[in-house]
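Asker: Structure provided below as structure tokens; questions to follow.
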Amino acid sequence: MNYKIAVLAGDGIGPEIVDQAIKVLKAVGKKFNHSFEFTEAKVGACAIDAVGNPFPDETFELCMASDAVLFGAIGDPKYDNDPKAKVRPEQGLLAMRKKLGLYANIRPVTTFPSLLHKSPLRKDLVEGADFVVVRELTGGIYFGEPRGRSEDGTKAYDTCTYTREEVQRITKLGFEYAAKRNKRLTVVDKANVLATSRLWRETVQEMVPEHPDIAVDFMFVDNAAMQIIQWPKKFDVMVTENMFGDILSDEASVITGSLGLLPSASVGIHTSVFEPIHGSYPQAAGKDIANPIATVLSAAMMLELAFDLTEEAKAIRDVVDKSMTAGMVTEDIAEGKAYKTSQVGDWLAEHL
Ligand code: IPM
Ligand code: MG
């Protein structure tokens, strides 16, 4: 088969980590007889610099015409301390999510035995933790209207909005993941305070009887933040709204001790996007030291979710495990000698 992949490397370390995933995908293509066609487009700060728009129309059209999107990272420190900037790289990411209808962000949280000692948690707490955060991605306070500033500039407001349909479609996906896994779904909200959360709870409660084989529990977000570090093994699938999911999925990723290793998928109405969950790590940009594994594993998620190539995805995961056992790793996780980003990519492609 021939698969068209849009490559949106973005900013910071984006280009160098995406390059490694491309090497690995090419090796998969060779081994399993598929052809992957890669076309690049700009997103984020580099797109602002080039054309003044963090998600140019041309990039959108390429995404729409592709079978999947491989995404690197966006963000540039020059915008972080400039709250007055008129356009920001993050707007490119949000525009992409909205325009592609990517209403679900799937973040699997898995541990790697060789990295457990890097976890901020005790080994016995985190060993074997394995859950998926299903985050709503195109609604809530990220996109609600009205938003803005009062005329005199002394007051600002954001609006959190959800409709029943939005809650239903993301929850449906949560149930599907739970059905494929250990049949437990935790719904995270703040129904003791927020109207949108009460709508979530009510809507999910209506769906529960249709899924008698799934054990559903409801948890307030503050409690969930606590439980993730107290007893991460209790979770199987967690479904939650946009901002809670943003915060909790970062928290969840860090307990594994391997932030540089976790992939994600954003799926919905149009072309799905696959990206590492870490950011653009500007301090390392161009130095060939960033860990490419999260992006390589995102490519594995792409093969599985977008192309239904499970065996090929497994081949990527296996070679990643092998590289870690062999100590072919970048400096962030190396115990002894550290290898360059590009060396890890070459090794993976060769040993696949
Ligand atoms: C993420 C990021 C984004 C978000 C930022 C960069 C806008 O933190 O993908 O989790 O908040 O959604
Ligand atoms: Mg985030």
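The values are calculated or read from the model by the stated rules, or taken from the named source; none is laboratory data. If you're wondering where the values come from, they're calculated on a predicted model, not measured in any experiment. All Cβ positions, glycine included, derive from the backbone under ideal geometry; neighbour counts span all protein chains shown. What goes into the accessible areas is simple: the full protein's heavy atoms, side chains included, and nothing from ligands, DNA or RNA. Shrake-Rupley method; radii C 1.70, N 1.55, O 1.52, S 1.80 Å.
Asker: For Arg164, Arg149, give the ranking by accessible area with the largest first, probe 1.4 Å.
Answerer: Correct descending sequence by accessible area is Arg149, Arg164.
Asker: Also, quick follow-up: Let me understand the range 187-248 better: what is its radius of gyration from the alpha carbons, and its Dmax, in angstrom?
Answerer: 11.8, 31
Asker: Sticking with this one: Using the Karplus curve 6.51 cos²θ - 1.76 cosθ + 1.60 with θ = phi - 60°, what ³J(HN,Hα) values do you get for each residue of the range 342-352, in whole Hz, with x for Gly and Pro?
Answerer: 5, 5, 4, x, 4, 4, 4, 5, 5, 9, 4
Asker: Bin width 10 Å, origin at 0, all Cα-Cα pairs of the range 29-178: what percent of pairs per bin?
Answerer: With 10 Å bins starting at 0, P(r) equals 9, 24, 30, 27, 8, 1, 0.
Asker: Separate question: Kirkwood hydrodynamic radius for the chain: how many Å is it when counted over pairs of different Cα atoms? Before the final figure, lay out the partial values.
Answerer: Details: mean 1/r = 0.0478 Å⁻¹.
One decimal place: 20.9 Å for the Kirkwood radius.
Asker: Before anything else, pin down the relative contact order of the range 200-352: Cα pairs under 8 Å, at least 6 apart, normalised by residue count, whole percent.
Answerer: Working: 150 pairs, mean separation 23.4, N = 153.
Value for the range 200-352: 15 percent.
Asker: How large is the direction-averaged shadow of the alpha-carbon convex hull of the range 69-123, in nm²?
Answerer: So the Cα hull casts an average projection of 6.5 nm².
Asker: Sticking with this one: For Lys314 paired with Ile269, estimate the spin-label separation in nm (one decimal), with each label point 7 Å from Cα along the Cα-to-Cβ line.
Answerer: 3.6 nm
Asker: Averaged per residue, what accessible surface does the range 160-253 expose to a 1.4 Å probe, in Å²?
Answerer: 46 Å²
Asker: With no solvent and one point per C-alpha, what does the Debye sum give as log10 I(q)/I(0) for the range 120-241 at q = 0.14 Å⁻¹?
Answerer: The Cα Debye sum returns log10 ratios of -0.65.
Asker: Can you list the lysines whose alpha carbon is less than 26 Å from that of Lys31, not counting same-chain residues fewer than 8 positions off?
Answerer: Result set, ordered by chain and number: Lys4, Lys23, Lys314, Lys322, Lys340.
Asker: Follow-up question, since we're still on this one. Compute the FRET efficiency between Asp57 and Asn182 as 1/(1 + (r/R0)^6), taking r as their Cβ-Cβ distance and R0 = 35 Å, and round to the nearest 0.05.
Answerer: 0.25
Asker: For the range 137-146, take each phi angle, set θ = phi - 60°, evaluate the Karplus expression 6.51 cos²θ - 1.76 cosθ + 1.60, and give the result in whole Hz per residue in order, putting x for glycine and proline.
Answerer: Karplus-based 3J(HN,Hα) across the range 137-146 equals 10, 10, x, x, 5, 5, 10, x, 10, x Hz.
Asker: Arg97 accessible area, nearest 10 Å², 1.4 Å probe?
Answerer: Rounded to the nearest 10, that gives 20 Å².
Asker: With r defined as the distance between the Cβ atoms of Lys123 and Asp250 and R0 fixed at 25 Å, what FRET efficiency is calculated, to the nearest 0.05? Display every interim value, and only then the final one.
Answerer: Working: r = 21 Å, r/R0 = 0.85.
So, using R0 = 25 Å, E works out to roughly 0.75.
Asker: Students often forget the sequence filter, so: which lysines lie under 17 Å Cα-Cα from Lys183 once same-chain residues fewer than 8 apart are removed?
Answerer: The reachable lysines, counting only those whose Cα sits under 17 Å from Lys183, are Lys172, Lys233, Lys234.
Asker: Now, a different point. Determine the relative contact order of the chain: mean sequence separation of Cα pairs under 8 Å and six or more apart, normalised by residue count, in whole percent.
Answerer: Relative contact order comes out at 23 percent.
Asker: Apply the Karplus parameterisation 6.51 cos²θ - 1.76 cosθ + 1.60, with θ equal to phi minus 60°, to every residue of the range 13-29 and state each ³J(HN,Hα) to the nearest whole Hz, in sequence, with x for glycine and proline.
Answerer: Working through the residues one at a time gives 6, x, x, 6, 6, 5, 4, 5, 5, 5, 4, 5, 4, 5, 5, 4, x Hz.
Asker: On to the next question. Quick one: if you stick a label point 7 Å off each Cα along the C-beta vector at Lys287 and Glu145, how many nm between them?
Answerer: In this crude spin-label approximation the distance works out to 4.3 nm.
Asker: Starting from the Cα of Thr159, step 7 Å along the direction of its Cβ; do the same at Lys234; then give the gap between the two resulting points in nm.
Answerer: Spacing of the two 7 Å Cα→Cβ label points: 3.6 nm.
Asker: Scan around Phe218 for amide H atoms under 5 Å from its own, H built in the peptide plane at 1.01 Å from N, and keep only partners 5 or more places away or cross-chain.
Answerer: Under 5 Å from the amide H of Phe218 lie the amide H atoms of Val187, each far enough along the sequence or on another chain.
Asker: What is the distance in Å between the Cα centroid of the range 4-58 and that of the range 94-110?
Answerer: 17 Å
Asker: Relative contact order for the range 120-256 using alpha-carbon pairs under 8 Å, separation at least 6, rounded to a whole percent?
Answerer: Over the range 120-256, the number comes to 39 percent.
Asker: Give the lysines reachable from Lys86 as a straight Cα distance under 23 Å; neighbours fewer than 8 places away on the same chain don't count.
Answerer: Within the straight-line limit of under 23 Å, Lys86 reaches these lysines: Lys42, Lys78, Lys98, Lys99, Lys155.
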